Amino acid sequence: MGNSRPDGQAGRVTDYRITRRAALRASGAGLGVALGWAGLSRAQPATPGATPAPTGPVSLAAKWLTNPRGFAWDEDGNLYVALAGAGGATLVGTELDDGPAMSGYSAVVAKVQDGIPESVATGLPSTRIPGERTLGLTAVAVLKGEVYVLEDANAMMFRDRGDSPDGVYKIESDGTFTLIADLAEWVKTNPVKDLPPDYNPKGEVFGMVADGENLWVIESNSGQVLLVTPEGDVTRIADLSEGHPLPTGPALSPNGGIYVGYLTMVPYFDGGAKVVEVAPDGKVTDVWTGLTMITAVATDKDGTLYAAEMATGNTQTPPYVAPATGRVVRRTGPSTLEALATNVNYPVSLAVGPDNALYVGAPAMGSDDADGYLLRIDTQATGPTDVRPVVEAVGGKGLGVPAAGSNSSYFGGATPAADAPTGTTPTPAPTQESGPGEQTIHVEAGELYFKPKDITIPANVPITFAVENVGKIQHNFSIDALRVSIYMKPGETSTVTVTAPKGTYEFYCDLPGHKEAGMWGTLTVQ
């Protein structure tokens, strides 16, 4: 691909500095629009002051980041960060439930200088769903002195442009970028064993890390671990598709493979996530359980494992999660943890720096402004530490509540929460006990069906539904008109009692894609 761009502009911008506010807004096509949406303007004469030296267990490492994702250091200690950008001026996805979205070329690879990002490469694809999330660069890695990025702007089929497919790109020394591996096409032609209900044929690449010879890439939608060579050869190391665990950010294992955390499916049960180790031969082993909604993992020089939990204290009904409830935790045992930082606003990336301190990027859901940041966590300090005073000092609040009218199926209409818990919260029992003498209807939930599919019950009589999940992934049983919504983990039976008037009602699984795949039925009350 080189430095070519479909709008005729080169994939390089020189002598620009990323600033706090976007200087331009989209009013046409071309490089000016891309710069405006990326939050770029020419460097001002007054250079921002250097970031103060760490003064506590949590300190600011970088600010003014437009939707930060993964980050990495080179051998000289230079910190590079992938910025997903803020979409662009092109309206796409108007026919989709998750749309419309705004597409453009505002994703940026930046180098952090004294806590401030300076562009290294610009003009990479970005797609933004207003009020919700941004799809663009997801990770950066340094391999043999070269900088590589992982592009995901086309994820979930919002736009499908062959000129800039999702995959691995190499950033050239002059700031241009070259496609190394078209992972969208590879995923499409090499499907996993168990296709998910929200299947995207071209995948959703989320995380990447370099091991000194190759790049390890996580593809989340189908659930797989890929190995990509600098020449662009792609090999599937592990198929993680069973149960649709949604693998996220990886970290190198001292045993030669990688650690991978699981986000898990909605409703993101507290304690339902885990970290696995994937060996070079593809063997998968559980190494840390009892976590929640993992977006990234990291290891230090001693082999200690850390994880970023995007949100905790989650509910079983929308909005499921709330801002400023995320945590950074340390492994203390196979199923135990110690919280180092709390009240993190949707942490999305994690890594150990050259100083052996832990760095975390946030928020995962951001606005189109440069309100993202990286925090430095002193792992030797006594925790947990509430990060809000540090974040509020730089105004890095991110997107706490999705905009009115936006689609709420991704994380739900989030509302502010109180202090995040400092220990793993037990999963609440999603059952409601029925009283004596009530009739019980047994329902089987599997992939992707309900049995029986048609149910008839008497009117105005208490009826208990006992819904057993016989599948390998989480399911839900909802009847909107009767205000019923219960969740079942694999192997779990949940019950709910209703007294319904005459009529015909629909029951269904409210998890993304399940109803559309056939997981619905009809309840007749007579």
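Readers should treat all values here as calculations from the given coordinates under stated rules, not as data from a laboratory. Quantities reported herein were computed from a predicted structural model and do not represent experimental measurements. Note: ideal-geometry Cβ built from the backbone for every residue, glycine included; neighbour counts use all protein chains shown.
Listing for the model above:
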read-out: Gain upon complete extension [THR522, GLU392; 0.36 nm per residue less C-alpha separation]; value: 41.8 nm
read-out: Nearest-20 debye value, region 439-525 charge dipole, Cβ charges on Lys, Arg, Asp, Glu; value: 120
read-out: Mean separation of Cα contacts under 8 Å (6+ apart) over length of region 439-525, as relative contact order %; value: 34
read-out: Taking region 183-238 and dividing mean pair separation by its residue count, relative contact order in percent (alpha carbons under 8 Å, at least six apart); value: 26
read-out: Rel. contact order, % - alpha carbon contacts under 8 angstrom, at least six apart, region 179-293; value: 18
read-out: Those lysines that a straight Cα-Cα span of less than 29 Å connects to LYS144, excepting residues fewer than 8 apart in one chain; value: LYS63, LYS111, LYS170, LYS202, LYS283, LYS301
read-out: Volume in Å³ per residue [convex hull over Cα atoms, computed for region 439-525]; value: 73
read-out: Low-density loop positions, trypsin sites (Lys or Arg not before Pro), region 165-250 - DSSP coil, at most 16 other Cβ in 10 Å; value: LYS193
read-out: Gyration tensor verdict on region 223-293 (Cα atoms; rounded if a/c is under 1.5, prolate if a/b is larger than b/c, oblate otherwise); value: prolate
read-out: Net charge contributed by nearby residues that have their C-beta within less than 12 Å of GLU468 (K/R +1, D/E -1); value: 0
read-out: Burial order of peptide ranges 299-310, 497-508 (average beta-carbon count within 10 Å, highest first); value: 299-310, 497-508
read-out: Point-charge dipole on Cβ atoms (K/R +1, D/E -1) for region 460-511, about Cα centre, debye to 20; value: 60
